[in-house]
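Derivation of every value follows stated rules applied to the coordinates shown; laboratory data play no part. Not measured: the values here are computed from a predicted model. Note: ideal-geometry Cβ built from the backbone for every residue, glycine included; neighbour counts use all protein chains shown.
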Amino acid sequence: MKKLPDLIAPGLRVLFCGINPGACAAERGHHFLGRGNRFWRVLHLAGFTPHLIDAMDDRSILGYGCGITSAVSRPTVRADELARDEYQLAKGHLVEKLARFRPAHIAFLGKPAFEAMFDVRESAWGLQGTTIEGAAVWILPNPSGLNRGFSLGDLVRDYAALHRAAF
């Protein structure tokens, strides 16, 4: 299966860190491509972009001071297919990216990756009060359509808090 390349550049205001690429997104080469994924809509409604970006135009996010990476690069149909040790093995690579590109904020989309990589139990949503290679750490709800625990309004509220802090 194809790997999905990062959308990253030096000095970003926010680097969004998904758990791992979806199989369809990796195959087609674009982030957050899933039919039910709310990422692009939430970004627009939270103020990160002046218009709704189509997933097929995902590279344009770099022009708004934001980038995208994944905690684990292996694509799956569902994130729960990842083993805990895959997060530990991927941690060094993520930390290296943060050291190299120096984003101001890193936003983990969902708790599993951050908690597994950094051995944290029961983290809170929002700003974590810690940094990784100088990047302020945020945990935001995952925008996947499979995440029914958060409404669109909930997602927009939480992402907008990051936008206010970062821009």
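Using the average count of surrounding beta-carbon atoms within 10 Å as a protection proxy, the listed peptides 120-130, 154-164 rank, highest first, as 154-164, 120-130.
Extent of the chain along its three principal axes (Cα atoms, max minus min coordinate, largest first): 38, 35, 32 Å. Specify which residue in the list L109, I8, L82 is farthest towards the positive end of the charge dipole of the stretch 1-115, using unit charges on the beta carbon of Lys, Arg (+1) and Asp, Glu (-1), about the Cα centre. So the residue we want is I8. Quarter the surface of the alpha carbon convex hull of the stretch 6-91 and you get the mean projected area, 5.8 square nanometres.
So in the chain, what percent of DSSP beta bridges are antiparallel if you round to the nearest 5? Roughly 25 percent of the DSSP beta bridges within the chain come out antiparallel. Computed over the stretch 48-93, the alpha-carbon pair-distance distribution with 10 angstrom bins reads 22, 36, 31, 11, each value a whole percent.
Entry note, the stretch 14-166: relative contact order of 30 percent, from Cα contacts under 8 Å with a spacing of 6+ residues. For the stretch 94-150, the equivalent ellipsoid built from the Cα gyration tensor has semi-axes of 21, 12, 10 Å, listed from largest to smallest.
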